[in-house]
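Beneath this line is the structure, given in structure tokens, with notes to follow.
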Amino acid sequence: MGWWPDDPETVATPAPPSRSTWHGGEAGGETGPCPVPRGGDARAAHLLGRHFAQRGDRSAARHWWERAAAGGNMDSAYNLGVWHEQHGSLEEAVRWYELAADAGDAEAAANLATLLLERHGDVSAARRWFETAAHAGSRAAARRLALLCEDADEVKAAREWHRRAAVDGDLASAHDLGFLAYGCGEEDETLRWWEVAARGGHAGAAYHLGLFLQANQDPEGAEAFYRLAAGNDHPGAASQLGGIALSRGDLRTARVWFERAAHTGRVHDQRTAGFVCVEMGDSLAAGHWFGRAAAGGDADAAFTFGLLLIAEHDDLLGGQHWFRQAAQAGHPRAAAELASLLSAAGFSREAERWLAERSSPAWDRVAEPELVARAELTAAAVARRGDTPLRADDLTEILGTWDLVTRPLRDHTDVVTWLAGRSGLSPDAIEHLGSVRATLLRPCGSPWPTLTEVEHALTTARALRIRLGPR
């Protein structure tokens, strides 16, 4: 891709700013006569190259920049690096960037590192040049270096480079510092960096700070930061504010917030918006949101949409369709309703099959807000670096199940033995569930659970609910 004016092949790409070593008021381009190089005047050659670049004469610009760079003008060397990178001459781009970077040009070093990393996959060389650029004061390089350190599991180094970038005003690095501190159990540092990023306008940091405060039983503080995040169009914050309004019985406000989140495609909020609309007597809107959530794969929404179609529109076929979708996803009430409809329609064999299906007990309880917040924080922490995502609902189910089945126990010193004795499950399986729960509640440097570990923990949690009664 190029950046020359009026070039039909490259006109869509804006020109990066060419540099000049002339400080005579040239902000947007030369306003006076173009300087004529004399002898070895590298500065004038550089300005002449820029003059031709602005007029779309690529060959003349390159010619004069090469003359200027040969005379020691590193701004021209940098511009030649940009020129060759934009035009696909990557080896030449590396050569010119390296010349400028060796002379101490931080931006050239950062561009060189990015080129080596993204086009050549040379992590080692990229890291060296990012270090050069970061030590020379490049905030962007410090952040990229921090991310490379995270990829290499060098958490201490990652935190130091993120800190340098954050102190220099990088809100994304301040946000990442909050997560790294949270993963190490350093809650004061978590609070510090997320607040820095949130007050600087980082919506994700404001939202995660809200979750953090919610997890630490500060609902008023959490609400303040949810509002800050929602003001920057964060859908998760809108969802949280909807839940807060709902807990206060304010259906109108709850609907506004849930629908705001639902419009972004969040299936859970589409379903919840549907329930709020039912409570407000707006069956048309309820059907809209249940239908969208059901189409998005939400079993509970599919079941409720089926009920709504039958109750409001006498649409038995439509109800049967959505009951089947929900039943296939493991929704026990949908399976029972589907069996009833099939039996009434004369399909007794299929009805019996659905009645015989035994699904894992559904988690349909409202967990404590603190537990929900911990689950959301863990899911966000794992997703932040592109690891296999975890479902916050699954993590909430793990936390909520442990809370539910251990409520009768007054002394928790030997909870594993107690649960194993009552349920007949393996102590190892229960101990694993407990360790996953402990990591979710207080990370303290422990690795986040993997998807496989979460699945094993869910299996144990569901078996505990089956065997210990509460469902």
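Side notes on the structure shown:
- Prolate/oblate/rounded call for the range 96-157, Cα gyration tensor, a/c under 1.5 rounded: oblate
- By the compact-protein rule of thumb, 2.2 N^0.38 Å, the alpha-carbon radius of gyration of the range 306-441 corresponds to a ratio of 1.39.
- A simple spin-label model places the labels of GLU312 and SER426 4.8 nm from each other, with each point 7 Å out along Cα-to-Cβ.
- Average accessible surface area per residue within the range 251-355, 1.4 Å rolling probe, Å²: 51
- Each peptide in 285-295, 403-413, 311-321 was scored by the mean count of other Cβ atoms within 10 Å over its residues; highest first, the order is 285-295, 311-321, 403-413.
- In terms of the mean number of neighbouring beta-carbon atoms within 10 Å, the peptides 337-343, 388-394 order highest first as 337-343, 388-394.
- Accessible area in square angstrom per residue, the range 45-103, 1.4 angstrom probe: 40
- Taking θ as phi - 60° and the Karplus parameters 6.51, -1.76 and 1.60, the scalar couplings of the range 247-260 work out to 5, 8, x, 8, 5, 4, 5, 4, 4, 4, 5, 5, 5, 4 Hz in sequence order, x denoting glycine and proline.
- Accessible area of the range 336-471 belonging to carbon and sulfur atoms, whole % at 1.4 Å probe: 49
- Net charge dipole size for the range 146-229 [Lys, Arg +1 and Asp, Glu -1 on Cβ; Debye, nearest 20]: 240
- The range 394-471 - Rg (one decimal) and Dmax (whole number), Cα, Å: 11.7, 35
- Alpha carbon centroid spacing (whole Å) that separates the range 98-151 from the range 160-229: 27
- Percentage of interatomic Cα-Cα distances in the chain larger than 34 Å: 54
- 5 angstrom amide H check on GLY185, placed H, neighbours 5+ away: CYS444, GLY445
- Along the range 383-395 the Karplus relation, 6.51 cos²θ - 1.76 cosθ + 1.60 evaluated at θ = phi - 60°, assigns HN-Hα couplings of 6, 4, 9, x, 6, 4, x, 10, 8, 4, 4, 5, 5 Hz to successive residues, with x for each Gly and Pro.
- Over all distinct Cα-Cα pairs of the range 301-372, the Kirkwood formula returns a hydrodynamic radius of 12.8 Å.
- On a per residue basis, the range 390-471 carries 51 Å² of accessible surface, using protein heavy atoms and a 1.4 Å probe.
The values are calculated or read from the model by the stated rules, or taken from the named source; none is laboratory data. Source: prediction; values computed, not measured. Reconstructed Cβ throughout: ideal geometry from the backbone, glycine too, with neighbour counts over all protein chains shown. Ligands, DNA and RNA are excluded from the accessible area calculation, which covers all protein heavy atoms including side chains. Shrake-Rupley method; radii C 1.70, N 1.55, O 1.52, S 1.80 Å.
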